[in-house]
Amino acid sequence: MLRGVSGSAIPGPRGLPALGSLLELERDSLGFLTETARRYGPVSRFRLLHRFVVQLADPEDIEQVLVRCAADYRKDRFTQDLARALGQGLVTSEGEHWKRHRKLAAFAFTPQRIAAQAGTMVDAALQRIGSWRAGGSLNVHQEMSRLTLDVVCRTLFHTQLAPGDEATVERGMEVLNHFFAEALESVLLVPPWLPTPNNLRLSRAIARIDAILLRMIARRRAEPAEGGDLLGALVHARDEQGVGLSDRELRDECMTLLLAGHETTALALTHAFYALGTHSDLRRRFQQELVQVLGDEPPDATSARDLSLTERIIKESMRLHPPVWAIGRQPLRDVRLGGHDIPAGTELVMSQWVVHRDPRFFPDPEAFDPDRFLPERARALPRFAYFPFGGGPRVCVGSHFAMLEAVLLLATIGQRFHLELEPGARLEFRPSVTLRPKGRGLLATARSNLTPRHHSNDL
Ligand code: HEM
């Protein structure tokens, strides 16, 4: 039993003698976390081998950790392990290093700079769907991943990957996600230096992506002008002593932005297409909005503001199927949360999957209802009942970029295609760093929606 300084016991499942709750977590991490919160309350604990994990499921406590007392916490062990792939990029770094890089990155994500990328985002979408045939079948997640990877490369790195490099990055990201899904599920922590097939596969995948990134960085170093994109700004940044970022630091940031910046948005879009494919009424309303707001024109940063249902569909998709399904932290000192004393170094988990399904905030939580995010209803929610992008100083640096991108891409695709899901298609997940579809993923047939007049006939 985990006891804090005051001896107050935190409730939770007993688990098995040696393993604790490891097998249950392995079998169904989403179900296990949800059940633990429902049964044991807003602060619960479970054991994995010899380590206790405390789950926080109350918005107040989550706000305390992420915002009000953020300085008392560091990232959790799983995120620290991600450094094997991401190095000391924004997601994994701490302290002064993180502060300096965050300031540099924030430059690329001002509202004006994000809005200026809208045309590039729409162009990337038009190019990708240009290769789709009406009646052809698609793997929705794969298509969305290719598209959002292209958007990140074009907007943040001012580059377009050659087809061979695109395939290398795509395969590398598969290996990475597979590796970290296994790391989450496995009983034994395998040291990174052991030449196991998984370790070798990960090292090779990282080395191949590194080669592409280092080539891109060398090319940008050779250019005298900044170019106005994030990579240009990072390459030309100098500290007070006039020292710039090393190739290693640049590589770590590029790898981080590549992973954090495309996989998450691709999942939000995949989950939105799933919702549209399974709710014909919603699809009708979505098509009406596209016709009313856009007519035959592609969306841009200004018209996107009027695509309010489209935005709510993305928000509701991220409520039910949050691309980042849990955030972890470790207290740097003994802390008090929800009436319990929690020792320094305890693993804390705050799961969007769990909190976003709390019926106190989202009645009939499994129902897909974008109107939960109508302004008057959204205003009534406690601040951390909904936190797809985290919060506080470590809040997602790309959240506004991601929202604009998701709305523009959903609308651009929706103007031309309806993705008809395979009969019986279901979203099932294999949680890794992100909430990825299991197995073959979501398969669909692309049905043409060519002109606005035809939209209504199609329906
Ligand atoms: C729907 C899309 C996205 C979702 C759901 C999402 C979610 C998140 C979450 C929950 C965090 C906080 C993790 C924590 O506190 O431990 C985070 C951090 C981060 N995200 Fe995103 N993200 C998305 C899109 C993006 C995009 C498009 C970019 C970049 C272009 C990006 C870059 C980052 C970075 C660099 C961090 C680390 C920030 C820091 O610690 O300073 N994300 N994201």
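Structure values in brief
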item: Rounded if a/c under 1.5, otherwise prolate or oblate - region 285-437, Cα gyration tensor axes; result: prolate
item: Sorted by Cβ density within 10 Å, fewest first, the residues 317, 303; result: 303, 317
item: Within region 196-287: Cβ-based charge dipole about Cα centre, in debye rounded to nearest 20 (Lys, Arg +1; Asp, Glu -1); result: 540 debye
item: Region 230-304, Cα convex hull volume normalised per residue, Å³; result: 124 Å³
item: Nitroxide proxy distance, nm - points 7 Å out along Cα→Cβ at residue 77 and residue 134; result: 5.6 nm
item: For region 164-314: rounded, prolate or oblate by the Cα gyration tensor [a/c cutoff 1.5]; result: oblate
item: Loop chymotrypsin sites (Phe, Trp or Tyr not before Pro), region 205-289 (other Cβ atoms within 10 Å of the site Cβ: 16 or fewer; DSSP); result: none
item: Among 129, 175, 112 the positive-end extreme of the charge dipole of region 101-211 (Cβ point charges); result: 112
item: Linear extension gain, residue 170 paired with residue 284, 0.36 nm per residue minus alpha-carbon span; result: 37.7 nm
item: Longest site-free stretch - the chain; sites: trypsin sites (Lys or Arg not before Pro), DSSP loop, at most 15 other Cβ within 10 Å; result: 15-132
item: Whole-number D in µm²/s for the chain (Stokes-Einstein; Kirkwood sum over Cα pairs; 37 °C, 0.692 mPa s); result: 142 µm²/s
item: Scattering profile of region 285-331 at q = 0.18, 0.28 Å⁻¹ [log10 I(q)/I(0), Debye over alpha-carbon scatterers]; result: -0.63, -0.99
item: Cα gyration tensor, region 60-141 - rounded (a/c under 1.5), prolate or oblate; result: prolate
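Computed from the coordinates by the stated procedures, all read-outs in this text should not be read as laboratory data. The shown structure was predicted, so the numbers you read here are calculated from the model rather than taken from an experiment. Ideal geometry is used to build each Cβ from the backbone, glycine not excepted, and the neighbour counts take in all protein chains shown.
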